[in-house]
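Throughout, read-outs are computed from the coordinates displayed, never taken from laboratory work. Predicted, not measured: the structure shown is a model, and the values here were computed from it. Methodologically, a virtual Cβ is constructed for each residue, glycine included, from the backbone with ideal geometry; neighbour enumeration extends over all protein chains shown.
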Amino acid sequence: MNLNNLKPAEGSVKHSKRVGRGAGSGKGGTSTRGNKGAKARSGYHQKVGFEGGQMPLYRRVPKFGFKNMNRVEYVGINIDTLNELAQSKNITNFDIEVFKQNGLISGKDRIKILGRGELAQTINVTAHAFSATAKKVIEEKGGAATVIE
């Protein structure tokens with residue numbers, strides 16, 4: 001095998017349609033665009049959502065509600081997830097770095113600890129927010145729930 005006789009797998013490379021190369025090519029003349037009209041001309045562009053003059057869907061459907069620009073999004077992490085990590089990786093102090101290292105958050109995500117599940121051991125958790133149930137479960141086991149400002 002040499003570089004000069006390498007070929008791609010059969011059927012993996014599709015050649016583009018060569019149009020406008022004369023009558024003998026079979027794709028000359030109108031170049032597969034049909035006869036006349038805007039679609040046959042160069043530079044033709046149809047607006048996104050155009051439905052042939054019919055009232056487009058984005059104008060037929062009513063609009064309502066709004067997006068709150070000041071909304072704070074949290075990534076929810078449940079107690080049972082913390083319990084699994086604590087048992088499998090022997091972690092007792094959970095902070096942002098631990099969550100990032102274990103793939104629970106990425107970048108600048110804000111964390112909220114939620115109350116689903118049980119705890120088998122004492123853990124200390126540092127997060128941006130806690131649900132009332134989560135805070136109660138952590139503190140009942142003798143751990144600390146610290147809020148990041």
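Taking L85, L57, L114 in turn, the Gaussian network model of the chain (Cα-Cα springs below 10 Å) assigns the largest fluctuation to L57. Expressed to the nearest 5 percent, the antiparallel share of DSSP beta bridges inside the chain is 5 percent. Averaging the sequence gap over all C-alpha pairs within less than 8 Å and six or more residues apart, then dividing by the number of residues, gives the chain a relative contact order of 15 percent.
Three principal axis extents of the chain based on alpha-carbon atoms, in descending order, are 86, 62, 25 Å. Comparing T30, T92, T81, which has the greatest mean-square fluctuation in the GNM of the chain with Cα pairs linked when under 10 Å apart? Evaluated over the chain, the most mobile residue of the options is T30.
Applying the Karplus relation 6.51 cos²θ - 1.76 cosθ + 1.60 with θ = phi - 60° to segment 132-148 yields 3J(HN,Hα) values of 4, 5, 4, 4, 5, 4, 5, 6, 5, 7, x, x, 10, 10, 9, 8, 7 Hz, where x marks Gly and Pro. Every helix of 4 or more DSSP H residues in the chain counts as -39500 (n - 2.57), and over all residues that averages to -5000 deg cm²/dmol at 222 nm. Evaluated over the Cα positions of segment 68-149, the convex hull gives a direction-averaged projected area, one quarter of its surface, of 5.4 nm². Sites count as exposed loop sites when they are chymotrypsin sites (Phe, Trp or Tyr not before Pro), lie in a DSSP loop, and have at most 10 other Cβ atoms within 10 angstrom; the longest stretch of the chain without one is 67-149. Rounded to the nearest 0.05, the FRET efficiency derived from the C-beta distance between E149 and F64 at R0 = 22 Å is 0.05. Phi angles across segment 17-23 convert, under the Karplus curve 6.51 cos²θ - 1.76 cosθ + 1.60 with θ = phi - 60°, into 3J(HN,Hα) values of 6, 8, 10, x, 10, x, 5 Hz, Gly and Pro given as x.
The loop-placed GluC sites (Glu not before Pro) in segment 1-81, going by DSSP, that have at most 12 neighbouring Cβ atoms within 10 Å of their Cβ come out as E10, E73.
Angle of helix 79-89 to the longest C-alpha principal axis of the chain, folded into 0 to 90 degrees and rounded to 10: 80°. Go ahead and run the numbers for FRET between T122 and R71, Cβ-Cβ distance against an R0 of 30 Å, rounding to 0.05. The computed FRET efficiency comes out at 0.30.
Amide H contacts for S31 (H built 1.01 Å from N in the peptide plane; partners 5 or more residues away or on another chain; cut-off under 5 Å): G20.
Near H128, the amide H atoms lying under 5 Å from its own belong to I111, I148; only residues 5 or more places off or on other chains count, and H is placed 1.01 Å from N. Of all segments of the chain bounded by trypsin sites (Lys or Arg not before Pro) found in a DSSP loop with no more than 11 other C-beta atoms within 10 Å, the longest spans 109-149.
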